[in-house]
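Let me begin by presenting the structure, written as structure tokens, before commenting on it.
The values are calculated or read from the model by the stated rules, or taken from the named source; none is laboratory data. The shown structure was predicted, so the numbers you read here are calculated from the model rather than taken from an experiment. No Cβ is skipped: glycine too gets one built from the backbone with ideal geometry, and neighbour counts run over all protein chains shown. Each accessible area value is taken on the protein alone, full model and side chains, heavy atoms only, with ligands, DNA and RNA left out. Shrake-Rupley method; radii C 1.70, N 1.55, O 1.52, S 1.80 Å.
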Amino acid sequence: MARSKSSLLLVVSCTIVVVAAIVVLALSLGRDVATYDPGTPEFTAQSYLDAVFDGDYDQAATHLDPASDCDVDDLDRAYVPSDVRIRLLETVVDTDRARVRISVENTAGGVVGGVFQEERVLRLVRISNTWLLTGIPWPLFDCGDDGK
């Protein structure tokens, strides 16, 4: 009798694990990553952030305005959290300038757990029909200082 209860418990436990795995897989596959049209501020912001998270700082720097104080060296020094989700909240375009407001959600949790969320604004300028990031775009907090 004890063996049949153990077997039943094992079968039920395995079933729960399999069902949970299927639910997690279904939820993760159901998340669509938005794609934006090339030539839009959203496309530039997404391309920049994709390159940053891929660790391809040379590629990320191609999305920076050459007149900016920020460059690939600043990206090399930046802290890029590994467990982050970025959501585009709003884009405002005013002729040749744009602001893309993003939500940065860090789910690493730290000591007390939970999700840390902050909003940031990526500022862009259109130069020759190409949108480029200007100012100090996230995840940067300062630029032009090589620490010397």
* Asked: Peptides 81-93, 118-130: what's the order by average Cβ count within 10 Å, highest mean first?
  -> 118-130, 81-93
* Structure fact -> Under the Karplus relation with 6.51, -1.76 and 1.60 and θ = phi - 60°, whole-Hz ³J(HN,Hα) for region 77-93, x at Gly and Pro, equal 8, 6, 8, 10, x, 8, 10, 10, 10, 10, 10, 7, 9, 6, 10, 10, 10
* Cα→Cβ-extended label distance, 7 Å offset, between R120 and D76, nm -> 2.0 nm
* To do: Would you please give the FRET efficiency between D83 and T130, computed as 1/(1 + (r/R0)^6) with r the Cβ-Cβ distance and R0 = 41 Å, to the nearest 0.05?
  => 0.85
* Roughly speaking, to the nearest percent, how much of region 45-148's 1.4 Å accessible area is carbon and sulfur? -> 44 percent
* Pop a pseudo-label 7 angstrom from the Cα along the beta-carbon direction at both D142 and A67 and give the gap in nm to one decimal. => 2.5 nm
